[in-house]
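What follows is a short report on a single structure.
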Amino acid sequence: MISKNQLKYIRQLEQKKYRRREGLFVAEGTKVVGDLLQRYRPEAVFATADWQAPAGITPQLVTDDELRRISFLQHPQQVLALFPLPSVNSLPSSVNSELSLALDGVQDPGNLGTIIRIADWFGISTIICSEDTVDAWNPKVVQATMGSIARVNIIYNNLSEFLDSLPADFPVYGTFLDGDNIYTQELTREGLIIMGNEGNGISDAVRAKVNRRLLIPDFHQGETADSLNVAIATAITCSEFRRRL
């Protein structure tokens, strides 16, 4: 049975300040929890009787009604788990020798979760987020990754200062409406792809440090959409980089 204290504790983890204070985040559903269990040891697992627990995991059994009370989903899926926040604070040395993503002020949890999933699909292991990007451990973000958050390193940093630390000739890509057609430009195996805020794009401070400006061209004759959703633009950009391999 879920106690009132447990219910309150779990529900508080929807807020960033409590996640930071407790050092925990919430994951839900068989796919997301299953993927995370391959990398992290959970602090607690709450599951209905029909969930197939992996070896070594003993969940606290709950009823369907109790799971609905603690869940952040409209339709809970058998299991909810609390995992420790990853303690990744420093950038891996491989950032200078592989393709990575940087996010400048992305605000929508669904967009961030989808971008993490896209990075996982295209074999991008590191995402560097500006300090004003939405928290990756928000339950909505975690759910939107569909388990990919277990395989992608997410690091929050002062993005402008990080860019200053890169070698002067390191490829730093950004997408702009006045950039050069991505399909006709030379793309490198290593580099940093920066994606900007949903409404304002890449900030002025970061924009000044982009040395390779790209455009995803539209092919519509006449009036068309003003821009692409940031997650869709990320998918198109990553796909073109990987296609060149």
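The values are calculated or read from the model by the stated rules, or taken from the named source; none is laboratory data. Just so we're clear, the structure is a prediction, and the values are computed from it rather than from any experiment. A quick note on method: Cβ atoms are made from the backbone with ideal geometry, for glycine too, and the neighbour counts reach across all protein chains shown. For the accessible areas, the whole protein counts, side chains as well, though only heavy atoms, and no ligand, DNA or RNA atoms are used. Shrake-Rupley method; radii C 1.70, N 1.55, O 1.52, S 1.80 Å.
Here are the numbers for the structure shown:
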| quantity | calculated |
| --- | --- |
| Among (1) under 30 Å from VAL172 (Cα atoms); (2) among the small types (Gly, Ala, Ser); (3) outside any helix (DSSP H, G or I); (4) at pLDDT 95 or above, the one test that SER87 misses | (4) |
| Set SER165, SER148, SER160: member being farther than 26 Å from LEU36 by Cα, of a type in the set (Ser, Thr, Tyr) and in contact (Cβ under 8 Å) with a residue 40 or more places away in the chain | SER160 |
| Residues (touching a strand residue (DSSP E or B) at 6+ places or on another chain (Cβ under 8 Å) and surrounded by fewer than 16 Cβ atoms within 10 Å (Cβ to Cβ)) located in segment 59-89 | GLN60, LEU61, LEU73, PRO84, LEU85, VAL88, ASN89 |
| Enumeration of residues in segment 57-82 that are in contact (Cβ under 8 Å) with a residue 12 or more places away in the chain and in a helix (DSSP H, G or I) | ASP64, GLU66, LEU67, ARG69, ILE70 |
| Of all residues making up segment 156-188, the number that are surrounded by fewer than 13 Cβ atoms within 10 Å (Cβ to Cβ), assigned to a strand (DSSP E or B) and modelled with pLDDT under 95 | 2 |
| Enumeration of residues in segment 226-236 that are open to solvent by less than 70 Å² (accessible area, probe 1.4 Å) and either of a type in the set (Asp, Glu) or over 16 Å from the mean Cα position of the chain (by Cα) (or both) | ILE236 |
| ASP108 among the acidic types (Asp, Glu), modelled with pLDDT of 95 or more and open to solvent by 50 Å² or more (accessible area, probe 1.4 Å) | yes |
| Some residue of segment 39-52 being in contact with a strand residue (DSSP E or B) (Cβ under 7 Å, 6 or more places away or on another chain), without any contact (Cβ under 8 Å) to a residue 24 or more places away in the chain and either within 17 Å of PRO76 (Cα to Cα) or among the charged types (D, E, K, R) (or both) | yes |
| Considering residues of segment 207-237 that are among the hydroxyl-bearing types (Ser, Thr, Tyr) and at pLDDT 95 or above only, the residue farthest from SER160 (Cα to Cα) | THR237 |
| Selected residue [more than 27 Å from ASN197 (Cβ to Cβ) and not hydrophobic (A, V, I, L, M, F, W, C)] from GLN77, GLN107 | GLN77 |
| Test result for ASP120, without any contact (Cβ under 8 Å) to a residue 40 or more places away in the chain and either among the β-branched types (Val, Ile, Thr) or farther than 19 Å from LYS16 by Cα (or both) | yes |
| Residue match in segment 195-212 (condition: closer than 22 Å to THR133 by Cβ, in a helix (DSSP H, G or I) and in contact with a helix residue (DSSP H, G or I) (Cβ under 6 Å, 6 or more places away or on another chain)) | yes |
| Condition met for ALA225 (closer than 24 Å to ASP108 by Cβ and either in contact (Cβ under 8 Å) with a residue 24 or more places away in the chain or among the β-branched types (Val, Ile, Thr) (or both)) | no |
| Among (1) of a type outside the set (A, V, I, L, M, F, W, C); (2) modelled with pLDDT under 95; (3) open to solvent by less than 70 Å² (accessible area, probe 1.4 Å); (4) in contact with a Phe, Trp or Tyr (Cβ under 8 Å, 6 or more places away or on another chain) - the single one ASN96 does not satisfy | (3) |
| Some residue of segment 130-137 being in contact (Cβ under 8 Å) with a residue 12 or more places away in the chain and assigned to a strand (DSSP E or B) | yes |
